[in-house]
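K.L.:
Quick one: the structure is below, questions incoming.
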Amino acid sequence: MPAGSISSAPDTAELSAWAALDGLDVGVLLLTADLRVSYANARWTAWHGGDVRSGLSAASLIDETDTLGAMRATLGDGEPRPLNLTLRPMLADLPARRVFGTVRRAATGLVLEVRAESDDDRLALQDVARRLAEVNDMAEVLRTLCDIATRQCGGTGAAVLRTTSGMAEVVAASGDLLPARNRCFESYGSLLEEAIGRSEVVSEDNFSGSGRPLMRAVPELSLGPVLCAPLRAHGDALGVLAITRGPGSLPFTVPERERLRVLADHAALAVHKSLLLQRAQSADRAKGRFLATMSHELRTPLTALAGYGELLADEVIGPLSDTQQDVLDRMRSVTTHLSAMIEEILAFTSLEEGRETVRASDFLAEDLVRAAVAAVEPLASQKALELAVVLPTGSVRLTTDIDKAQQILVNLLGNAVKFTDRGTVRVTLSRTARAVRFEVADTGIGIPLDELPRLFRPFAQVDTGLTRRHGGTGLGLYISRRLATMLGGHIEVESEPGVGSSFCVVLPI
């Protein structure tokens, strides 16, 4: 008879249901109240090595008397129970197969859903790698880890615990262990301390009656068998991964202990990666706060210095000689340069913290070009560079944040002038059907092709010698691209060493 044998002819709905069950990668066995087969799907049939007849006794398929007792208990109280089975093959020369899963009551009978250990080992590792690789947030990593451990090891609860300064804390939990989440207890005498100290999986068959520190701290827990596996990565003890079952449940088997150990080894790497990312993000935020604070503190005396310079330049205090005027001009140039660097750092921290907003207005694009050119014209004059402007015959109206658009254009023009020692810097304004293009081209040093990907990284410098000679924070292009993206546009770049570079800002009309 076929795997899904029944006593009467099946209807269309039943055939569809059986087809769906046959497509599963788990073995499904339906038993009557007297523990006889009413249905076995294709996976179970394959394990058996032949057809599983309807009416066959479960004892002829399963070599586990204790498991049959668990099935009868589920029939009586309706509580799902984990199973670890050794299947009896149809032919004596076929190897016995170990499977594990769950038995549940359904109507007046039972449903067994089990998976072969060899299948699960492969799937578990794939699942751990896939699901843990998808998340970077530490809390989400730990929640995912608890879910995986519960499902893969046949538990009814799971938790991740860590220890610091003689105390232990449940940092994530699911199922039976949810009441213990975020609770602390003494690590001395705990299963956690034992697992970390021995660097192996440890167990307790009746945790509620063990008097362990966690039970004293959270007496409302109702736990039977508990397994704890240490989480270790690169020599560091990160904590433990624990799985539990309810009171009176079967103890965890040797294969389940091994499965938890493998899961813990893989999970420890994911937790370690997430911790490193968390620390890096924290350090990055601290760096941003430090830069913002220092920049604000530097801005105040710099403003005073610029004010005193203006007083001297206007000869309010007294007349200046030509030599004094030359020194004052140099001082004002340095002050302006320092002020621009501070503004760049403040803009960077503002973008990183998400404090920048777009305030759109309507204006003429050619006015924006003229204002940006006027800002860099003094530096171009000092280097005797030609600063050319190419505008279209008609006016181009643009609706965007004029301050951010001008900041982008000034950054690009400033870079072009800075890295061009002779020749021309040209800015060209043009319009397409839906966008405005601001192209800044120079005859400067150019950029090697392999260095182009680094251009828009914060604090990146393409050529250490050149950037040190010309100065700068390495933030201008990064800020420009971020601002262009905020405005719905982008920046295009073309460059050839020794010939020059072309940066084009494209903003929607």
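K.L.:
Could you check how many residues of segment 203-237 are crowded, with 21+ Cβ neighbours inside 10 Å and of a type in the set (A, V, I, L, M)?
P.N.:
6
K.L.:
Out of the residues in segment 135-172 that are under 19 Å from the mean Cα position of the chain (by Cα) and part of a loop (DSSP other than H, G, I, E, B), which is farthest from R279 (Cα to Cα)?
P.N.:
My answer is V135.
K.L.:
Moving on to the next point. Quick one: which of D367, D403 is at pLDDT 90 or above and assigned by TED's automatic domain parsing to the domain that holds G489?
P.N.:
The unique qualifying residue is D367.
K.L.:
Does any residue in segment 35-63 that is in the same structural domain as V111 (by TED's automatic domain parsing) and more than 21 Å from R105 (Cβ to Cβ) come within less than 9 Å, Cβ to Cβ, of a residue that is in a helix (DSSP H, G or I) and of a type in the set (A, V, I, L, M) six or more places away or on a different chain, and which pairs are these?
P.N.:
Correct list of pairs: A42/L21; R43/L21.
K.L.:
Does G69 satisfy the criteria of being out of contact with any strand residue (DSSP E or B) (no Cβ under 7 Å at 6 or more places or on another chain) and without any contact (Cβ under 8 Å) to a residue 12 or more places away in the chain?
P.N.:
When the stated conditions are applied, G69 passes them.
K.L.:
Let me ask you something else. If a residue has to be surrounded by fewer than 23 Cβ atoms within 10 Å (Cβ to Cβ) and touching a Leu at 6+ places or on another chain (Cβ under 6 Å) to count, how many in segment 180-200 make the cut?
P.N.:
1
K.L.:
Further question on the same structure: Which numbered condition trips up V202, out of (1) over 16 Å from T150 (Cβ atoms); (2) at pLDDT below 90; (3) aliphatic (A, V, I, L, M)?
P.N.:
Every listed condition holds for V202 apart from (2).
K.L.:
Something else now. Return yes or no: is F438 of a type in the set (F, W, Y), part of a strand (DSSP E or B) and either assigned by TED's automatic domain parsing to the domain that holds G488 or at pLDDT below 90 (or both)?
P.N.:
yes
K.L.:
Also, quick follow-up: With segment 173-261 as the region, which strands (runs of 3 or more DSSP E) entirely inside it contain at least 1 residues that are within 30 Å of the chain's Cα centre (by Cα)?
P.N.:
184-186, 226-233, 236-244
K.L.:
Do we have V440 as under 23 Å from G500 (Cα atoms), touching a Cys at 6+ places or on another chain (Cβ under 8 Å) and β-branched (V, I, T) here?
P.N.:
In short, yes.
K.L.:
Here's a follow-up. Looking at L387, L338, L409, which is the one that is in the same structural domain as T303 (by TED's automatic domain parsing) and either closer than 23 Å to E494 by Cβ or surrounded by 14 or more Cβ atoms within 10 Å (Cβ to Cβ) (or both)?
P.N.:
L338
The values are calculated or read from the model by the stated rules, or taken from the named source; none is laboratory data. If you're wondering where the values come from, they're calculated on a predicted model, not measured in any experiment. A quick note on method: Cβ atoms are made from the backbone with ideal geometry, for glycine too, and the neighbour counts reach across all protein chains shown.
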